1. Based on C-alpha coordinates, I'd like the Rg and Dmax of region B:73-180, in Å.
2. May I ask for log10 I(q)/I(0) of chain A at q = 0.11 Å⁻¹, from a Debye sum over the Cα atoms as equal point scatterers with solvent left out?
3. Spin-label point model (7 Å from Cα, Cβ direction): what's the residue A:292 to residue A:718 distance in nm?
4. If the viscosity is 0.692 mPa s and the temperature 37 °C, what translational diffusion coefficient in µm²/s does Stokes-Einstein give for region B:281-420 when Rh comes from Kirkwood over Cα pairs?
5. Taking Cα centroids, how far is region B:183-214 from region A:101-116 in Å?
6. Set the Förster radius R0 to 60 Å, insert the Cβ-Cβ distance between residue B:179 and residue A:4 as r into 1/(1 + (r/R0)^6), and round the FRET efficiency to 0.05.
7. Could you tell me the distance between the Cα centroids of region B:79-152 and region A:681-706, to the nearest Å?
8. Nearest 0.05, what FRET efficiency do residue A:40 and residue A:137 give at R0 = 30 Å with Cβ-Cβ as r?
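Rule-based calculations on the coordinates, nothing more; no lab input. The shown structure was predicted, so the numbers you read here are calculated from the model rather than taken from an experiment. Please note: Cβ atoms are built from the backbone with ideal geometry, for glycine as well, and neighbour counts cover all protein chains shown.
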Amino acid sequence: MLSKKRTISQLVDEWQYDEEMKQNIVAMHTIDEKQAQYADFPSNLHPSIIKALHGRGIEQLYIHQRQAFDYAQQQKHFTAITPTASGKSYCYHLPVLQQILEDRSSRAIYLFPTKALAQDQKSDLNELIELMDEDILSYTYDGDTAPGIRQKIRKAGHIVMTNPDMLHSGILPHHTKWVSLFENLKYIVIDELHTYKGVFGSHVAHVIRRLQRICEFYGSNPIFICTSATIKNPKELAESLTNSKHELIEQSGAPVGKKTFIFYNPPIVHPTFGVRRSAVLEVRDISKRLFEAGIQTIIFAKSRVRVEMLVTYLKSLTAKKIMDESIQGYRGGYLPSERREIEKGLRTGSIQMVVSTNALELGVDIGQLQACIMTGYPGNIASAWQQAGRAGRRQDEALIVYVAQSTALDQYVVQNPSYLLGSSPEEARINPENLLILMEHLKCAAFELPFSMEDTYGEYEVQELLAYLEEEGVLVRTSTKWHWMSDRFPAHEISLRSAAQENVVIIDISTPANTKVIGEMDTYSAMTLLHEEAIYLHQGTQFQVEKLDWEEKKAFVREVDVDYFTDANLAVELKVLSEDKSAPFKNSTVSYGDVSILAIPTIFKKIRFNTHDNIGSGPISIPPMEMHTNATWMSFELPNNWTEEQLTDALTGAAYAMGSFIPLFIHCDRSDVSVVPQVKAVHNEKPTLFIYDSYPGGIGLSERVYDVLLSLLERTAQHVENCPCQQGCPSCIGAQDSLGENKKQVMKVLNILINEMM
Amino acid sequence: MSYENKLLQMKKLLGKKTEQKKEKPKFIKPEPPFYSEQWQQAGLELVENEFGMLFKREVHYPFDYKHGDYKLGELFPSLMRWELLAEDHPFAISGDETIVFFDTETTGLKGAGTHIFLLGFLEADDEGFTLTQYVLADPSNEAALLFESKLWQRNVTIVSYNGKSFDWPQLQVRWTLNQQFLPPLKSQRQIDLLHSTKRLWKDDLSRMKLTQVEQDKLGFNRIGDIPGHLAPIIYFDAVKSGNAETLMKVLLHNEWDLLSLITLYIHSTNLLFDDISTESATTYTNIGKWFGDLKKRQTSTEILQAVTTHFEAKDTGYAHYYLAYELKRIGETDLAIQSFQTALPAIPVRKQLQAYEQLAMLYEHKVKDYEQAYIYTKIGNNLLPEIPFQKESHLQNQRKNWQKRLSRLEIKRNKNFFDKK
């Protein structure tokens, strides 16, 4: 029998002659390898470090690593842009180790966005320290750290690796137990800076301000070292996250292996409606080819549901082999032990294919994968490159297949490969000024150390806010200071990861004697994913939600075997609370301000696997959720000769298309910002398009939209116009129920709005 | 001297710019709070020191003051018993030590934002016992409160209830926050009566709260006590409103806690020294086990044996069970087997499993009766499914062990059988 094993270049050659494949390959692009740029070791680099580097076969540094060392020596905060596999960890290891070798009392904190990353970096660092043959102690400190060694870490760990959540609730509120760390803190390393965006980033910005406040109390003044994937505004992000001036290192000296990008668009199966074949199905087929060719592959899918669907499909490839673990899923809801197993399997090669959400985008060390498939555009360029970077980490040839979904943004990218390959990436925004977030952390800060009557907090004047907290009864004002005066522990009342503070626990009751928790989910997602009768997928197994206890935040699920999945809808009501900015045009106004949103889950649909037919539906009985947030809105007059019904359809289409393009301008996920049309807005009875942040209090995204609204409208109009469909399709204005003029109507509305703003 | 050498000499002069040590910030003495008068009227004494002010309450008791079943002065005979024993015991206090009974009231459970607002001390002097309570005037006057405690100066033995893991660490937190100004807190010997209470009354008392122990063991019932969890709110109210009426009830609560610490120490000491009398079989078994864990094997065996003769069989399961281990340790195989067998009907299923395992081991390795060993292994193995394990993996491990023992014994049995033939 002929072996099916292939190399990547053999496979790519074959595909160009393969009838099935080649018609769908829209573009193919090769990025040539790039030579390394080196610099000498710094003259004062400690001999032990040199010994360790030599031990790893390193005789020279890359230019960015050298630059990093020099900035640190000059006591300057800096941020380094580091592509995957560029040896970024040396940018911080070298200065930190140098400092510790020069002064043994020195300490450093490494901050990673997740526990997994910290643990991964610890093994790498310890290996380096071993080669140095020096007595330097580095530890991870997180929820998994055994109580027995916590004391030792506090007292003696030179390098403490942790995550923002642990810093927030496990370290800062107990700073008196960490005196020697805070007194001698020389460096704070923030790895994966680009992940600190949106709500999470805004929270972390405050955690860092609290950290700085405590350092000041103990008399230390640490230097910040940040590393980031490519984003548009790394310096700005670092500066606003750390409230400090940063130097920027942009140019990487690391070599890059040859990368082949394939832009793949699923075939159109229904020309009139512009419906393409499901990207998930295409990915399944391409994965099958890669699996048979023996190529270790990572498949990215955007949602948990997608991951589970693909795992289900792909596991059938190995169904005939008993106990075969070579295909695995990997996503946020899994338990840590499951995830560690999978990471290990990838490194050792016992797992050949992994299907992941963006959880694996970050620097978790899973060794060398050869190919990467993106199921759809991950939402921003930085993520796309992170995902692509998963393939061929160590200068080997790599294959990246981008499979477009039928959404507008995906279709835009597949038709304009240069957007992904050439254009500058998006901005990452945080908004530490979000008053809800600020107040929560101000409480934590007051808990940690009293405020004097002159104190500021970070860059903020907070005396009036402190007076407010006194009225609220959590602070007491003495002759000199504001003191915390409550038996509450404020850090436990905030979760950094999401604005919705509670999680729903998912409990498997399939075996009555052995019920167990199999995962958890934030409340907002739970509204549409864990309602009663929902099909919840976990490691490719289907579960049906039997009972959802919304009060207690528990979902009871039972294993089932059905041929469909479920999809739920939310209805939204909007009220304007206050208007902060406003720009009048001829017959319209664009405003920005605070709004109140009421989200009401309505119905869910059952959709059959493979064919994706709608085979049933039902109501959802979960109470509505109210949220106050920021929004930008545009109100205009009902155009002549238009009925309200016509306008409703046209605005819905326009909103759909606009929503897809917001991530082109701002580094955020499609779901971070929502676009909702109202034909008669409650506050002024005029047709209005609302664009709001999907998080309580807002995180500055819709405020940014206020500035780029015209460009957004233009880009949207251009795309809808160029879309090859006739009556509108999921790639432009959303699927249409009936054959009609709606696409033309959407274009009319968009043009009216553009003309207004010109 | 060569040029290089000269340069090297000068290198010392060059020196790197060392970080300048920040000057110690000057302490600014805080103002007295607006309610100073009111708190004094409520019955507190105002104390001033170089760090500010605090409030104080002092109460004296004669030696024959009765708190529940005991007089406070009975502490001295108890201490004498330890002195005479002259053995190492975590509970023993020597005559050289200064004993201070200690309890705090706090505004929360953990973290840098939890204040200690009341430091209570109870100690003996020439005329009797003196209670001294220091009350935080307000959080700005914290250094004054800590300084007044003299815990930076004196060497004492602190006797507390859960103080080892709560009150003392919390005091360390407060001290660290004021470390710029205060002399360092001395580390002091800690005797935590919660620890001994758990050892004595495990499975005998349903809760280990001090009030529960007072009721069930010390003959003291509180009337008009405020529950401890309200203490934070009461202190906040006193600071915010200036009214200290209710705060005085927290001081009374703290006073009772401290008095009970003395009688608890007396009562516990008596239990450890006296022969079996009024307490339950469980308590005396616990005592026997405690001595065993402290490697006082003879005392342990004596007490456990006394329990087995003194109480009814249904109450002495554990005593036989622990005794069996002691007997096994000293090589009394037959007696150990007997004790395990006697224990079986009166111990819970999880312990039964261990007893069966021990019996199987004794028969296999000591008596070399593989038939008996096999029977006990069989019973143990059958018992496994009835035991709730926290983790599936624990059950799997157990299952594996029992299976291994079973198959090994099967081989030995058969071999024995054929050898005999």
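1. That works out to 15.6, 48 Å for Rg and Dmax.
2. Scattering profile of chain A, log10 relative to I(0): -1.38.
3. In this crude label model, residue A:292 to residue A:718 measures out at 4.2 nm.
4. Values: Rh = 16.0 Å.
Answer, rounded: 206 µm²/s.
5. Cα centroid of region B:183-214 versus Cα centroid of region A:101-116: 38 Å apart.
6. On the way: r = 70 Å, r/R0 = 1.16.
Calculated transfer efficiency: 0.30.
7. Region B:79-152 and region A:681-706 have Cα centres separated by 59 Å.
8. 0.50
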